[in-house]
Amino acid sequence: MALTRREHLKEIRQLELDRAVEVFEKGVRQHARPTEATSFDSLVKTAQRAIENNSSDFESHLDDLRGRNFMILWRQDWFVIDRFKWLSQDTYLFADLREHAQMVTVGADALKTNDIDKLRAVVAHLDSIRIGSAGEDDMMAGANIVRS
């Protein structure tokens, strides 16, 4: 598998970059501050050059792009709520079901009282204890980022 990846590294990287840009264009740009959008666009160009030059910096640029997508969405209350709902329902993502249930109770109470800051803290904690990766697909799971 590693050999196949190495043989098709540019194509794979291009697909990964295209996916990060697609997420930004379809659901994040509308929530970005103008400086964030400009900065994102500049970083996309830098990442594209890294692909063309076969630079090892590409992965760090891609991580940065994904992180920017997440941080912009993290400011949106609906994203935090959707993420909480996803994390609260998918119990298989957690090794300690008792801790998960406690955090879901705290989060549900925060949601009832519209305490989004407290809900953010719960979601951050749930993310920190869940099993699995923090890849872009996981980041967007459960959240419909394309808003009308």
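The values are calculated or read from the model by the stated rules, or taken from the named source; none is laboratory data. Just so we're clear, the structure is a prediction, and the values are computed from it rather than from any experiment. For neighbour counting, all protein chains shown are included, and Cβ atoms are generated from backbone atoms with ideal geometry for every residue, glycine included. Just so you know, the surface numbers come from the protein's heavy atoms only, side chains and all, with ligands and any DNA or RNA stripped out. Shrake-Rupley method; radii C 1.70, N 1.55, O 1.52, S 1.80 Å.
Summary of values
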item	result
Qualifying residue in the stretch 95-104 (condition: open to solvent by 40 Å² or more (accessible area, probe 1.4 Å), of a type in the set (Val, Ile, Thr) and without any contact (Cβ under 8 Å) to a residue 24 or more places away in the chain)	no
Output for the stretch 15-30, where each listed residue is open to solvent by 80 Å² or more (accessible area, probe 1.4 Å) and either among the charged types (D, E, K, R) or in contact (Cβ under 8 Å) with a residue 60 or more places away in the chain (or both)	ARG19, GLU25, LYS26, GLN30
ASP41 vs. criteria within 18 Å of the chain's Cα centre (by Cα), over 25 Å from ARG5 (Cβ atoms), open to solvent by 30 Å² or more (accessible area, probe 1.4 Å) and modelled with pLDDT under 95	no
